[in-house]
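The values are calculated or read from the model by the stated rules, or taken from the named source; none is laboratory data. On a predicted model such as this, the values are computed, not experimentally measured, just so you know. No Cβ is skipped: glycine too gets one built from the backbone with ideal geometry, and neighbour counts run over all protein chains shown.
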Amino acid sequence: MSMERKYKFQFNELEMQSSVTYTLVSRFDIEPNILKAEMDDSGGVLILKLKGEEENLEKAIDHVRSLGISVMELSKHITRDHDRCIDCGSCVAVCPSKAFTIDRESWEVHLNFEKCVACGSCLTSCPTHAISLTI
Amino acid sequence: MAKTVSEINERIRSGKAVVYTAEEMVDIVRDKGAEKAAEEVDVVTTGTFGAMCSSGAFLNFGHSDPPLRMTNIRVNGVEAYGGLAAVDTYIGATQVSESDRTYGGGFVIEDLIAGKRVSLEAWGPGTDCYVRKNIKTSFTLDEINEAYLFNPRNSYQNYGVATNNSDRTLHTYMGKLLPRMKNANYSSAGELSPLLNDPHLETIGVGTRIFLGGGEGFVSWQGTQFNTTVPERNGVPVGGSRTLALIGDMKQMSHRFVRGLDIYGYGISLAIGIGIPIPVLNADIARHTAVSDADIYANLTDYSVTSRSRPTLAQYTYEQLKSGTIEYDGHSIRTSPLSSYRNARIVANTLKDWIEHGEFLLTEPVKKLPEESSVKTLEIRE
């Protein structure tokens, strides 16, 4: 069954030479979509959405882990405390992936986990301590 | 046909008052005209729910035995003013905790209203009449004598829109501003905002009974930085102008409408729900309460300019701001409200409900607020 999952890959400086995404495509028939990539002299972080057969996805992740890269699946890593949230909307325009939206009828703020890339931009926009990132 | 406040109160008492929110009033006046609307509608309720930094609470703790004259006071680790009588204090919304930068006066006020127990530490000089020199205890809102919010500047009549044309992210009291004008933040509730519905304060003045933080409050004075000189478009000011000083009993309030804020990079503040009822005494007042988001303009300014007066880049209506994007110089800027329109609506509807059920009567101002007032600046002299 074909599916889509989001992952965070964390490299140290030694693993930066491996062509991870190429291997995902050529060996595991996976369609990667890089959502965020940050590299510096100490390593880097790659956030990507992978689409493929469930079996292939699992094999691919095992392979990436075998290279020494730390892999974390991202699902609902941004949490929103509905008791703290006042629906002010401060998080909406700072969210690069448009995961936070306001319903312009009810003026409620909605969080779409599918779109969230766990960048953390919303954390410093929320004045009520309603958002936390659990990565 | 003109009405009086006492006639309206008579109708409220008998459960016959016709009440609409300022949002609903837009369509009513559009459909029926101001004259007919003024005949049919008795009261229009307004609402706002946003950061009101110039807020705080007076508390009286009661005396310990032996008593202490408190001159140095901490409530949940947040400094409260020690320059009043022995056990009176004022805790300001923006006072930051000495041990936790994400906590402060606004959160102490929220915690008290939520019924939470807070710690109290105080020190004094020890005098012949107040021999104790320190105390360490705790209290809840119910256990102390008076506790009332007294806010020197709330409910701004309109406000600016903030953006950032620099190369780095700014963290301001107008929220997080991304570089190169990627976003813009506005804070007024627009057509539902109290003072935009009575732009020249014909019905609102000293003594006006209002909804404050879920309880009953009053307008006590003009707010600080009260300004009547801001240019108008469609009869309403295009920037921050009139303000209100408000007072209300914390023991009646709900923490749903009084919330501590931690504005990253700026500091601590307090969000308060405020609703003001406007008696529809005549057609002019009806017309004013029908002001819509499309009629109200606000100035876009660049917060990377650090001087006191920032040039206006453009003007937008609240209809444009609330759409989620505005256009500037050929590119679009995403917008965020900083005040909660959802909660502003809840405030206006709660007040409407109180009035419809005869639980809340209107007042005539004891004193009008200034018709002319401008804001002075602070000169640096040495």
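Please enumerate the residues belonging to the range B:311-356 that are away from chain A (no Cβ under 13 Å), of a type in the set (A, V, I, L, M) and over 28 Å from B:V44 (Cα atoms).
Of everything in the range B:311-356, those that are away from chain A (no Cβ under 13 Å), of a type in the set (A, V, I, L, M) and over 28 Å from B:V44 (Cα atoms) turn out to be B:L313, B:A314.
Does A:I69 fit the bill of being surrounded by 15 or more Cβ atoms within 10 Å (Cβ to Cβ), touching a strand residue (DSSP E or B) at 6+ places or on another chain (Cβ under 7 Å), closer than 13 Å to A:K6 by Cβ and not assigned by TED's automatic domain parsing to the domain that holds A:C119?
Against the criterion (surrounded by 15 or more Cβ atoms within 10 Å (Cβ to Cβ), touching a strand residue (DSSP E or B) at 6+ places or on another chain (Cβ under 7 Å), closer than 13 Å to A:K6 by Cβ and not assigned by TED's automatic domain parsing to the domain that holds A:C119), A:I69 does not qualify.
Which one of these is over 29 Å from A:C88 (Cα atoms), outside the structural domain of B:V347 (by TED's automatic domain parsing) and not aliphatic (A, V, I, L, M): B:Y103, B:Y81?
Among B:Y103, B:Y81, only B:Y81 is over 29 Å from A:C88 (Cα atoms), outside the structural domain of B:V347 (by TED's automatic domain parsing) and not aliphatic (A, V, I, L, M).
Somewhere in the range B:5-15, is a residue more than 17 Å from B:I346 (Cβ to Cβ), touching a Lys or Arg at 6+ places or on another chain (Cβ under 8 Å) and modelled with pLDDT of 95 or more?
no
Can you tell me which of B:G104, B:G126, B:G83 is of a type outside the set (A, V, I, L, M), surrounded by 16 or more Cβ atoms within 10 Å (Cβ to Cβ) and out of contact with any helix residue (DSSP H, G or I) (no Cβ under 8 Å at 6 or more places or on another chain)?
B:G104
Report those helices (runs of 4 or more DSSP H) wholly inside the range B:272-382 carrying at least 1 residues which are under 24 Å from the mean Cα position of the chain (by Cα) and either surrounded by fewer than 14 Cβ atoms within 10 Å (Cβ to Cβ) or not assigned by TED's automatic domain parsing to the domain that holds B:A184 (or both).
Output list reads B:341-356.
Checking A:L123 against (1) of a type outside the set (K, R); (2) within 13 Å of chain B (Cβ to nearest Cβ); (3) crowded, with 18+ Cβ neighbours inside 10 Å, which test does it fail?
Failing condition for A:L123: (3).
Condition test on B:A162, is it part of a strand (DSSP E or B), within 21 Å of B:Q315 (Cβ to Cβ) and of a type in the set (G, A, S)?
Yes.
Within the range A:79-102, does at least one residue satisfy the condition of being small (G, A, S) and modelled with pLDDT under 90?
Looking through the range A:79-102, none of the residues is small (G, A, S) and modelled with pLDDT under 90.
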